[in-house]
Ligand SMILES: Cc1cc2nc3c(=O)[nH]c(=O)nc-3n(C[C@H](O)[C@H](O)[C@H](O)COP(=O)(O)OP(=O)(O)OC[C@H]3O[C@@H](n4cnc5c(N)ncnc54)[C@H](O)[C@@H]3O)c2cc1C
């Protein structure tokens with residue numbers, strides 16, 4: 001099946017990010033064997049090489065203008081070790097494939113981002129997090145090993161205790177230390193693929209924060225009304241969920257079952273469906289339709305990947321695409337959340353989809369990893385409003401001053417200065433990269449924009 005956002009076909013191609021607000025042309029090639037990939041890297045194409053997964057990063061992280069972009073191998077090569085509770089797979093394995101292979105065995109990838117389309121390679125490169133970061137950390141905390149092909153021709157089997165410097169530079173390193181060929185991941189043991197979900201509606205941002213802090217479930221997330229103002233600013237709906245302790249006798253008589261989302265095609269009109277007015281109507285209707293308090297049981301797909309059922313929802317924002325502004329700030333800086341929501345509302349743009357997560361104390365997997373202990377807010381905004389760019393630049397400064405950072409896997413526009421203010425000078429990261437990539441072969445549009453390559 002073609003993956004939406006994924007590049008297909010080789011030759012000179014235009015590649016977009018998931019947000020469709022950035023694009024560039026590159027020579028697309030692959031999949032290649034490890035030997036052929038090593039030869040490609042050794043040939044040092046003038047504008048460099050970059051590995052791409054399913055293209056689910058929102059901005060320019062998986063693009064390499066004028067250079068070469070290497071596509072993932074569709075042969076997922078998944079091997080589950082039930083006794084050890086681990087899975088080893090090729091970098092091109094999608095989370096959908098991983099779920100299909102592990103769930104019926106009562107095992108689960110410990111970190112599930114909001115789409116099952118992404119690949120294992122993309123997950124390592126972005127050090128992805130899920131709704132359980134508060135408790136379980138990001139994927140870097142669960143990686144036993146990563147097989148990395150470096151541009152100097154060396155093949156490294158790295159892990160938290162094997163070449164830890166290169167491991168930390170690669171997890172979250174946005175593909176700029178080499179090509180991930182495979183990875184091994186520890187899994188969670190589950191008795192059921194169904195979850196007991198407690199849903200609560202909260203009338204203000206303070207209430208949402210309190211509910212997220214006190215929610216007992218392994219998985220917690222809040223869906224925020226990005227358009228309400230005044231006392232209702234940041235109101236939302238908070239989900240707290242845990243796996244059932246036994247298989248659901250009605251739906252899983254023979255043990256955990258993974259039911260992938262059924263994607264339907266959506267025919268969209270040529271005009272943007274998201275405007276300030278429709279964003280407000282949608283958010284308000286959705287908020288009022290939510291129950292004040294409800295207990296329900298949901299399938300894994302319905303809980304984690306409900307947007308995957310709508311394959312082209314990223315086109316709702318119109319032809320100029322969307323920006324997802326996702327940032328994290330330390331717990332004490334929760335005031336930034338309200339400021340960001342207010343500023344986006346005042347910018348004349350139409351913030352239309354917001355999610356808020358509590359990040360836990362887990363140590364950052366690497367210097368470019370996004371998560372930090374505190375709050376992470378993501379807001380989708382259509383590109384086009386004249387004051388949006390200036391507003392986001394101001395918000396970058398605010399986030400940086402608060403000790404926070406913007407997520408590189410979602411970014412398409414941050415300046416080099418803002419990036420440095422958030423992530424620091426990264427001398428160690430640059431030193432590790434230079435040791436395995438002395439000719440700066442691994443390149444991306446994001447890397448060039450932010451001064452990483
Ligand atoms: C609907 C949706 C929901 C999302 N929800 C979450 C979420 O909850 N949490 C979260 O953390 N993220 C989330 N994301 C972001 C997504 O998880 C990351 O952007 C992830 O990196 C995408 O993986 P991909 O396979 O599509 O990689 P791509 O987008 O193709 O590439 C992303 C980066 O990975 C690098 N890369 C890919 N493959 C390799 C490889 N083999 N070797 C080296 N580098 C490689 C690329 O060079 C690039 O820098 C979401 C994205 C979408 C579209």
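All of the numbers you see were taken from the coordinates with simple rules; none came from a lab. Just so it is clear, the model here is predicted, and its values are computed rather than measured. Neighbour counts are summed over all protein chains in view; Cβ atoms, including those assigned to glycine, are modelled from backbone coordinates with ideal geometry.
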Only unsatisfied item for residue 357, checking (1) surrounded by 18 or more Cβ atoms within 10 Å (Cβ to Cβ); (2) in a helix (DSSP H, G or I); (3) within 13 Å of the ligand (Cβ to nearest atom), is (2)
Within the range 288-312, residues assigned to a helix (DSSP H, G or I), farther than 21 Å from residue 215 by Cβ and in contact (Cβ under 8 Å) with a residue 60 or more places away in the chain come out as 301, 307, 308
Search result, residues across the range 36-63 that are near the ligand (Cβ under 10 Å from one of its atoms) and either closer than 30 Å to residue 351 by Cβ or assigned to a loop (DSSP other than H, G, I, E, B) (or both)
52, 53, 54, 55, 56, 57, 58, 59, 60, 61, 62, 63
Output for the range 53-83, where each listed residue is under 20 Å from residue 145 (Cα atoms) and in contact with a strand residue (DSSP E or B) (Cβ under 6 Å, 6 or more places away or on another chain)
53, 72, 73, 76, 77, 78, 79, 80
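With respect to residue 121, determine if the residue is closer than 27 Å to residue 357 by Cα and in a loop (DSSP other than H, G, I, E, B).
Working: closer than 27 Å to residue 357 by Cα: yes; in a loop (DSSP other than H, G, I, E, B): no.
Criteria not met by residue 121.
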One residue from 86, 119, 33, 94 being touching a strand residue (DSSP E or B) at 6+ places or on another chain (Cβ under 9 Å) and more than 9 Å from the ligand (Cβ to nearest atom):
86
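Conditions tested, residue by residue: (1) buried (at least 24 other Cβ atoms within 10 Å of the Cβ); (2) within 15 Å of the ligand (Cβ to nearest atom).
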residue: 142; (1), (2): no, yes
residue: 177; (1), (2): yes, yes
residue: 188; (1), (2): no, no
residue: 191; (1), (2): no, no
residue: 223; (1), (2): no, yes
residue: 231; (1), (2): no, no
residue: 234; (1), (2): yes, no
residue: 238; (1), (2): yes, no
residue: 248; (1), (2): no, no
May I ask you to verify whether residue 198 is more than 16 Å from the ligand (Cβ to nearest atom), surrounded by fewer than 19 Cβ atoms within 10 Å (Cβ to Cβ) and touching a residue at least 12 places away in the same chain (Cβ under 8 Å)?
yes
For residue 128, state whether it is within 8 Å of the ligand (Cβ to nearest atom) and assigned to a loop (DSSP other than H, G, I, E, B).
yes
